[in-house]
Amino acid sequence: MPEAAPRSPCIGVCSTTYGDLICRGCYRFAHEVAQWNGYEPAQQTAVLERLASLRAGAVSRHLSPIHIDQLVHRAASVKLRRTGGRSAPDIAYEVLRRLSVWRLPLPWATEDEDAPVQAHVLLGRIDKDIWQRSEAHYERNFRIAAQ
């Protein structure tokens, strides 16, 4: 039986059509977006694992383990069903994304109660970090140095 292809990480916000080398929606490289359907399942899995690693690093940089755990415990309340096999930072990122879209509060008290960090602000910081990590990976592995 042939290996089933993983789902595309596309979230429908592709910026590679506007000339970005890295998609601002899913953080795949332009050549990965363009060639995704031609990739073997193992190639798709390698891309998904790289994206998960970048996301986990960014989430762990911006959230404490306690905050990650609190977000993971909110998964059911934001209707995140497929959590099996996913890492805690991956689940926390998706919960944070949903809290941001639905404008729900974060599940913890902030250091400064007068100006609490909102979910969309925190998500923006994490997304910026993922973008920078993706860009560094691209520069290190794909950019051809000028002669």
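Where a number appears in this text, it was derived from the coordinates with a stated rule and is not lab data. This one's a predicted model, so the numbers in the text were calculated from it and none came from an experiment. Cβ sites come from the backbone with ideal geometry, for glycine too, and all protein chains shown count toward neighbours.
For the pair residue 120 and residue 18, label points projected 7 Å from Cα toward Cβ lie 1.7 nm apart. With neighbour counts taken as other beta-carbon atoms within 10 Å, the residues 71, 123 rank, fewest first, as 123, 71. Taking amide H as placed 1.01 Å from N in the peptide plane, the amide H of residue 24 sits under 5 Å from that of 15, 16, each at least 5 places away or on another chain.
Using a Gaussian network model of the chain whose springs link C-alpha atoms within less than 10 Å, name the residue from 42, 92, 56 with the highest mean-square fluctuation. Result for the chain, Cα springs under 10 Å: 42 fluctuates most.
Compared with the dominant principal axis of the Cα atoms in the chain, helix 88-101 is inclined by about 70°. When the chain is treated as a Gaussian network with alpha carbon springs shorter than 10 Å, the biggest mean-square fluctuation among 75, 88, 34 belongs to 34. Using the rule -39500 (n - 2.57) for each DSSP H run of four or more residues, divided by the residues of the chain, the 222 nm mean residue ellipticity is -16500 deg cm²/dmol.
Converting phi to 3J(HN,Hα) with the Karplus coefficients 6.51, -1.76 and 1.60 and the offset θ = phi - 60°, segment 73-78 yields 5, 8, 3, 5, 5, 9 Hz in sequence order, with x at every glycine or proline. Of the residues 73, 131, 8, the one whose Cα sits farthest towards the positive end of the charge dipole of the chain is 8 (charges of +1 on Lys and Arg Cβ, -1 on Asp and Glu Cβ, taken about the Cα centre).
Helix 119-141 and the longest principal axis of the C-alpha atoms of the chain enclose an angle of approximately 30°. Mean-square fluctuation check for the chain, GNM, Cα pairs under 10 Å: which of 103, 81, 125 is largest? Fluctuation is largest for 81.
Gain on full extension, evaluated as 0.36 nm per residue between residue 76 and residue 7 minus their Cα-Cα distance, stands at 22.7 nm.
Counting only Cβ charges, +1 for Lys and Arg and -1 for Asp and Glu, the dipole size of the chain around its Cα centre is about 340 debye.
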